[in-house]
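Below: one structure, written as structure tokens.
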Amino acid sequence: MKLNMNKIKIATPCIVFALTTLTLATSALGQTSMPTSNTAVESASPVGHSVTIDRIRARDKIIVGSEQKFPNMNIKDPATGRNEGFMADLARALAKHMLGDESKVEWRAVDDDTRLPDVVNGNSDMVIDTTGISAERAKVVDFSDEIFRSGSGLLVKRGSPIKSVNDIHKGTRVIYCKANPDIKHLKAKIPDATYIEFESSKDAFAALKAGKGDVFTQVVTHLLRSASQDSDFVVVSRFTNKSYNIIIKKDDPVLRGYLNDFLKSMRASGEYDRLYRKWFAAYGGNAVDLAHSPTM
């Protein structure tokens, strides 16, 4: 994403160096746990004042930015008009936690170019989407703790002997997308495999279904979407890690603390795991649980 700094108006620029770690791991994608409370709850820490929290409570609604185009993450059901997916449910859980009613969420469409300016200029209270931390982004916005562990993984036909990168050998036909930089890890580990490049996930998945490859590697959110479209295919592992986080305004430690307390309570209660299983378990999501991923 190329960030247009001219779109963003900030009172006090400051640079925060954020560390984004891509750790190799081989057998998993699930998560850890998160909570919906039955009543509106005040965050215990840190003590202070948040303009954004005050604004949310005054209007009695959270405005959440999201691209709303990713099945299983957040997409509007044309039949019901309701946003459905893991991120959508997470936002509703936050509304229940903060305002006592999960329906008090207003969705605002954003994309790669507008999601950061939208938060900085106050059009959205936060962005809950497939967005990770980077040093460039951290110059203008802040982030919650992790809400989803992504990274690159493997998609195969059900019954395939390939369960992890350790099952890829000389002659294994590996389908991948040109834009995914993680392919370099596989090529370094298994240089004798046969690598077949495609421009898009759609074309790559079509090739896998047509039998033109043995395994498709891509970011797991794309692989889960593909698996949700054809039950003959399943995600079997993840071999890199990438964190997705809630985007908020800079210099609001009270809001950041509130969100992090909320996420901790979701995990402690088991609600986070329930939502994760609801949206991803059927497509191999439990196979990519970070807690059970050995190093590649």
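The values are calculated or read from the model by the stated rules, or taken from the named source; none is laboratory data. Model, not experiment: these values are computed from the prediction. Cβ coordinates were reconstructed from backbone atoms using ideal geometry, including for glycine residues, and neighbour counts include every protein chain displayed. Remember, those area values only see protein heavy atoms, side chains included, never the ligands or the DNA or RNA. Shrake-Rupley method; radii C 1.70, N 1.55, O 1.52, S 1.80 Å.
Among the residues of segment 218-271, those that are at pLDDT 95 or above and in contact with a His (Cβ under 7 Å, 6 or more places away or on another chain) comprise 254, 262. Remark: pairs (first residue in segment 81-95, on the phi > 0 side of the Ramachandran plot; second residue open to solvent by 10 Å² or more (accessible area, probe 1.4 Å) and of a type outside the set (Phe, Trp, Tyr); Cβ separation under 8 Å; 6+ apart in sequence or on different chains) = 85/71; 85/72; 85/75. Per the conditions (1) of a type in the set (Gly, Ala, Ser); (2) at pLDDT 55 or above; (3) out of contact with any helix residue (DSSP H, G or I) (no Cβ under 9 Å at 6 or more places or on another chain), the sole criterion not satisfied by residue 11 is (2).
Tell me yes or no: at least one residue of segment 40-56 is within 25 Å of residue 108 (Cα to Cα), open to solvent by 20 Å² or more (accessible area, probe 1.4 Å), β-branched (Val, Ile, Thr) and at pLDDT 50 or above. Within segment 40-56 (the criterion being within 25 Å of residue 108 (Cα to Cα), open to solvent by 20 Å² or more (accessible area, probe 1.4 Å), β-branched (Val, Ile, Thr) and at pLDDT 50 or above), the answer is yes, since at least one residue qualifies. Scanning segment 63-95 for residues that are crowded, with 23+ Cβ neighbours inside 10 Å, in a strand (DSSP E or B) and of a type in the set (A, V, I, L, M) yields a single hit, 64.
Check every one of the strands (runs of 3 or more DSSP E) wholly within segment 185-296 and list those with 1 or more residues that are touching a residue at least 24 places away in the same chain (Cβ under 8 Å) and crowded, with 24+ Cβ neighbours inside 10 Å. Don't jump to the end; show me each part of the working.
Numbers: elements: 194-198, 215-219, 233-238, 242-249.
So the answer is 215-219, 233-238, 242-249.
Scanning segment 171-184 for residues that are of a type outside the set (A, V, I, L, M, F, W, C) and in a strand (DSSP E or B), we see that the one that is farthest from residue 229 (Cα to Cα) is 173. Every listed requirement among (1) in a loop (DSSP other than H, G, I, E, B); (2) surrounded by fewer than 20 Cβ atoms within 10 Å (Cβ to Cβ); (3) of a type outside the set (A, V, I, L, M, F, W, C); (4) modelled with pLDDT of 95 or more is met by residue 108 save one, (1).
When residue 98 is tested against (1) open to solvent by 20 Å² or more (accessible area, probe 1.4 Å); (2) touching a helix residue (DSSP H, G or I) at 6+ places or on another chain (Cβ under 9 Å), only condition (1) is not met.
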